[in-house]
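Data block below; observations after.
The values are calculated or read from the model by the stated rules, or taken from the named source; none is laboratory data. From a predicted model like this one, the values you see are computed outputs, not experimental measurements. Here the Cβ is made from the backbone with ideal geometry for all residues, glycine too, and neighbour counts use every protein chain on show.
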């Protein structure tokens, strides 16, 4: 559990340390005092909750508390289901790309923790996306999930570029929970 001083919180919030002390002393910002000292400490979890409750930007905390997921799909129903199951209130940020080209551009700027590739966009293009990601060392740790169509064909291809597969139709809540588990092992999602 990461803990911040009032000075560190002030820097994150872009306010004076005295302002943070007032928030703490009034009980709006939870934390504790170091025994035998007047020094205050604010656990990261309480700081993130405080920032969200007051509509303040997370700043440098956003990367370590937000799971970024890029969905490569053209199926609007699928995208809406995932938006519903992975809301920002639950620390998810969703990006959407409709093609391999768009996915490459989005991945470079968005830096997702996970990429969900819907093979309905075309098996060749979907495989190309997965392979291109794995060739780039920047995305070596990115979780790649393939959504395979239930077209009766046993999908036989090299799965070494994919971490998980889901066969359509599937429960979006189940996929969301799996993402929380996989990304949660790497980040402290609050």
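Could you please let me know if residue 30 is under 26 Å from the mean Cα position of the chain (by Cα), closer than 29 Å to residue 185 by Cα, outside any strand (DSSP E or B) and modelled with pLDDT under 90? First the steps, then the outcome.
Details: under 26 Å from the mean Cα position of the chain (by Cα): yes; closer than 29 Å to residue 185 by Cα: yes; outside any strand (DSSP E or B): yes; modelled with pLDDT under 90: no.
The answer is no for residue 30.
Within the range 1-27, restricting attention to residues that are part of a helix (DSSP H, G or I) and in contact with a strand residue (DSSP E or B) (Cβ under 7 Å, 6 or more places away or on another chain), which residue is surrounded by the most Cβ atoms within 10 Å (Cβ to Cβ)? Walk me through how you get there before you give the answer.
Initial filter on the range 1-27 (part of a helix (DSSP H, G or I)): 6-13, 17-25.
If we keep only those that are in contact with a strand residue (DSSP E or B) (Cβ under 7 Å, 6 or more places away or on another chain) as well, we get 6, 9, 21, 24.
Working: 6: 22, 9: 26, 21: 17, 24: 21.
Ranking the candidates gives 9 first.
With the range 41-145 as the region, which helices (runs of 4 or more DSSP H) entirely inside it contain at least 2 residues that are at pLDDT 90 or above and either under 30 Å from residue 160 (Cβ atoms) or out of contact with any helix residue (DSSP H, G or I) (no Cβ under 6 Å at 6 or more places or on another chain) (or both)? If you could, list the steps in order and put the result at the bottom.
Values: elements: 44-53, 62-65, 76-85, 100-110, 123-135.
Per the criteria, 44-53, 76-85, 100-110, 123-135.
If I ask for residues that are farther than 23 Å from residue 132 by Cα and crowded, with 19+ Cβ neighbours inside 10 Å, which ones from the range 86-112 would you list? Step through it out loud before you land on a result.
So the first thing to find is which residues in the range 86-112 are farther than 23 Å from residue 132 by Cα, and the list is 86-92.
Hits for the range 86-112 are 86, 91, 92.
Residue 17 passes all but one of (1) at pLDDT 90 or above; (2) under 21 Å from the mean Cα position of the chain (by Cα); which number fails?
(2)
Does residue 157 satisfy being in a loop (DSSP other than H, G, I, E, B) and either loosely packed, with under 14 Cβ neighbours inside 10 Å or in the same structural domain as residue 73 (by TED's automatic domain parsing) (or both)? It would help to see each step written out before you state the result.
Numbers: in a loop (DSSP other than H, G, I, E, B): yes; either loosely packed, with under 14 Cβ neighbours inside 10 Å or in the same structural domain as residue 73 (by TED's automatic domain parsing) (or both): yes.
Against the criterion (in a loop (DSSP other than H, G, I, E, B) and either loosely packed, with under 14 Cβ neighbours inside 10 Å or in the same structural domain as residue 73 (by TED's automatic domain parsing) (or both)), residue 157 qualifies.
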